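Right, one structure below, let's go through it.
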Amino acid sequence: MAGEIRVLVVDDSAVVRQVMTEILGREAGIRVIGAAPDPIFALERMRKEWPDVITLDVEMPRMDGVTFLRKIMAERPTPVVICSSLTQAGAETTMQALAAGAVSIITKPMLGLKDFLNGSSNDVVSAVRAAAQSRVRNLSLRPAARPLPKGPEAGAVAGMQAMAKTTESIVAIGTSTGGTQALESVLTALPATAPGIVIVQHMPEKFTASFAERLNGLCEIDVFEAKDGQRVVPGRALIAPGGKHMLLKRSGAQYHVEVVDGPVVNRHRPSVDVLFRSAAKYAGRNALGVIMTGMGDDGARGLKEMHDAGARTIAQDEETCVVFGMPKEAIKLGAVDRVMPLQNIAAAIL
């Protein structure tokens, strides 16, 4: 986006409004046009000047953040960054907001808000700048997902397929800003016979469990937040837990994941590069690497390692990306075999 980024802060906490306004206000190219205590005040302010980005609390009086978000997306789609508390209830509400079109999450603790937000100022600014570059109109491209019934035997069926076919073919997916919607689009289109899938979606800890649970209710495949040592089998997708790295490992004919602590890589933990590099090492030509919407370059070098190890590789195209950052960097490195729109990726996986 050329020119300044106009930001509206919507939060019922006076401390959050003050600190967010200070953090964003001292950044070149960003102007805070207002700070509203709830969506009703926000709508009044937006009638005077429409923001380029909204930072939005999800739990507020008079109108909750998700209802407000849906209203905005129906009336005039605008990039929204969710500012959510690090609680289970906050995580579940945030999943609804992401499904409604929010592009990313900033977390805030229940205590020590001012110090936390000041200490996380770089993350706040990065989230706002990424949102300003996003193309939220593309969220309408994803098909409506429908909840699918799962019998108690679903996991057993996947296990039997793994024994019959081995688990040689795996899919590694990396994504960031806009990725929650993109993953929903891809995973809901896959049948229970899909190959085993490992995923890194940049997301804070506590949120990935709710995200996986939500997808599990929408998909024919089983979707879990990954646990250390969990097997990768057909009909199952494992999402790296927030705050942990996830690596693919192989023991004989069977794949499993390793969930570990470690330093941030490319400013992220989990990092797509960490997953992709492990897939290059342990799966090689038996893997498919997919890099989708997201800001920055995490995953680009790892995808190149997968490509050089004989894996097939796919990048989401610019037109359907919310932010064409990670795929663009992978393409520039020569890491990508095929570039395609979001709606074609599930078929390509199969």
In what sequence, highest mean first, do 317-326, 71-80 appear when ranked by Cβ atoms within 10 angstrom?
317-326, 71-80
The residues His245, His202, sorted from fewest to most surrounding Cβ atoms within 10 Å, come out as His245, His202
Peptides 266-278, 299-311: what's the order by average Cβ count within 10 Å, highest mean first?
266-278, 299-311
Check Cys83: other-chain or 5+ apart residues with amide H under 5 Å from its amide H, H built from backbone geometry?
Leu56, Asp57, Val58, Ile106
Relative contact order (%) - criterion: Cα under 8 Å, at least six apart; region: the chain:
13
If you restrict to DSSP beta bridges whose two residues both lie in the chain, what percentage is antiparallel, to the nearest 5?
20
For Lys328, go through the lysines and keep the ones whose alpha-carbon is under 27 Å away, minus same-chain ones fewer than eight residues off.
Lys244, Lys281, Lys304
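Expected output is a single nm value to one decimal: the length gained when fully extending between Thr21 and Asp123, i.e. 0.36 nm times separation in residues minus the C-alpha distance. What is it? Let's see the in-between values first.
Details: separation 102, 0.36 × 102 = 36.72 nm, distance 1.44 nm.
Here the segment from Thr21 to Asp123 would lengthen by 35.3 nm.
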Extension length gain for Lys227 and Arg267 (0.36 nm per residue less Cα distance), in nm, is 12.2 nm
Relative contact order computed over region 5-133 (Cα-Cα under 8 Å; 6+ residues apart), in percent:
26
Using the basic label-point model (7 angstrom from Cα toward the beta carbon), what is the Arg338 to Ser169 distance in nanometres?
1.2
So how tilted is helix 39-48 from the main axis of the chain? Cα-based, degrees 0 to 90, rounded to 10.
70
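Values in this text are rule-based calculations from the coordinates and carry no lab data. Quick caveat, the model's predicted, so the values are computed rather than measured. Methodologically, a virtual Cβ is constructed for each residue, glycine included, from the backbone with ideal geometry; neighbour enumeration extends over all protein chains shown.
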